[in-house]
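Structure first, commentary second.
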């Protein structure tokens, strides 16, 4: 079987020398309470050697409710940081130059708003948007299938997602516009086979939606669907 | 993987055929019982992620079955990655498991079964249709039930949970988020709304509404709205008016 590195289908890895050349990004998922508190944790993690930031948001932020909404009661800042406005995002990244870090944001239904906050802050910091890099999860299909933080019906959600693909390819070209996730499918109790099949199938749905919007060249050249796949401890199915 | 995007979707750039991926160790594998055992679980999963060739990795805190990670637990999680990266030697070889009969055979088997399932979803009309019909949800629920049953019958062993249990009180510090932070956030919103140009903010929201009804791209209007201090909830609500809510 000839499956060499750096050759299609890249079974051996996407770099020819893998970690001999470059270590993976140590990216610790963190966020809780207020933007002030989370900012302290990011600075601590950066001082301890993480190479990328990863933001966890609280549930109200994930489903598009401000902290003063009745449905937010008891959930503000609990499973992640509460973000309501541009000012909160400014506080969250205080002392961090967005041009110098890559930031992953685990955010789906309200991902377009968080992306807008991030880009608005980058502009305020005077950053070159062509250099800003990071990821929004933006994988709404697995929210319907497994995780539950959706807002709008599937077709409207797919329109928002393809708008993000199109806009980022022009305005923030280094941004990873989607991270298609198997993790939550597996965490919800699927098998490894289901995780892989559903994740790839979801990826295909996004690519097709992009193609239908006429984004073929931009999408396939700029943003190979990256995937968040849960590590399986045991080598059994 | 590369084959998949090439054959099915017409990708021509090899970069579009690469599966770049981030990995997170499995939160649901962590146990509240004997929480320090979770450090071993996270270590094994870190090794698996690296053997799998991940581009990026998050490791869970050992206390995450109890609460969000404390600063100390978050540090141990990061150190676990650093130990695998700099002490274990596993990074010196490209794809160290290459050629292992078992791993290669298992990979082929999983791939073949996944293909069958993907084809089944294709026949249903793709992911959106399969989700609308509840297919993925039902499949996952069935597997989850099966897994839970195996734990309950002892067919699957979870150390410290259904075997090797100890009777002990939890001594692991639990990270608590105070409920008062909601009040802090509410005050921030009130201050923001009092000082922003409200007429401008409202104009931004009605512009979002108008663009949502058209086929124009939503993003420029959303960026303009956040720059004029519209809140996350206001923007999400404006689109709720246009798109409705799911279920």
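Each value in this text was obtained by applying a stated rule to the coordinates, not by laboratory testing. All figures in this text were calculated on a predicted structure; none of them were measured in a lab. Reconstructed Cβ throughout: ideal geometry from the backbone, glycine too, with neighbour counts over all protein chains shown.
Numbers for the structure displayed
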| quantity | calculated |
| --- | --- |
| Degrees, to the nearest 10: B:135-153 long Cα axis against longest axis of chain B | 40 degrees |
| Peptides B:100-109, B:177-186, A:196-205, B:16-25 ordered by average Cβ neighbours within 10 Å, highest first | A:196-205, B:16-25, B:177-186, B:100-109 |
| Between helix A:111-124 and chain A: long-axis angle, C-alpha atoms, 0 to 90°, nearest 10 | 70 degrees |
| Rounded D (µm²/s) - the protein assembly as shown, Kirkwood Rh over Cα pairs, Stokes-Einstein at 37 °C, 0.692 mPa s | 142 µm²/s |
| Scattering profile of segment B:89-236 at q = 0.12, 0.17, 0.18 Å⁻¹ [log10 I(q)/I(0), Debye over alpha-carbon scatterers] | -1.03, -1.03, -1.07 |
| Whole-Å distance, taken between Cα centres, linking segment A:8-78 and segment B:93-108 | 31 Å |
| Distance cut-off 15 Å, percentage of C-alpha pairs in segment B:54-94 lying past it | 48 percent |
| Proxy reagent accessibility, fewest Cβ within 10 Å first, across A:133, B:127 | A:133, B:127 |
| Segment A:1-121 - convex hull of alpha carbons, volume per residue in Å³ | 141 Å³ |
| Sequence-separation-based contact order of chain A, relative, with Cα cut under 8 Å and 6+ spacing, percent | 14 percent |
| Cα-based equivalent ellipsoid of segment B:1-85: semi-axis lengths in Å, sorted from largest, via gyration tensor | 33, 13, 10 |
| Rounded to 5, percent antiparallel among DSSP beta bridges of the protein assembly as shown | 0 percent |
| Neighbouring partner chain Cβ atoms per residue of A:177-189, average, 10 Å criterion | 4 |
| Kirkwood-based shape ratio for segment B:1-155, expressed as Rg/Rh from alpha carbons | 1.01 |
| Rel. contact order, % - alpha carbon contacts under 8 angstrom, at least six apart, segment A:58-157 | 28 percent |
| Cα-only Debye scattering, segment B:69-146: base-10 log of I(q)/I(0) at q = 0.16, 0.21, 0.24, 0.25 Å⁻¹ | -0.87, -0.90, -1.02, -1.08 |
| q = 0.27 Å⁻¹, segment B:131-211: log10 I(q)/I(0) [Debye, one scatterer per Cα] | -1.18 |
| Projected area averaged over orientations for segment A:77-153, convex hull of C-alpha atoms, nm² | 5.7 nm² |
| For chain B: relative contact order, % (alpha-carbon pairs under 8 angstrom, 6 or more apart) | 14 percent |
| Helix A:192-212 axis, angle to chain A major axis (alpha carbon atoms, nearest 10°) | 80 degrees |
| Residue with peak Gaussian network fluctuation, chain A [Cα springs, cutoff 10 Å], from A:23, A:158, A:105 | A:23 |
| Cα-Cα P(r), chain A, percent of pairs per 5 Å interval | 1, 6, 12, 16, 19, 18, 14, 8, 3, 1, 0, 0 |
| GNM flexibility winner over chain A from A:48, A:62, A:15 (Cα, springs under 10 Å) | A:15 |
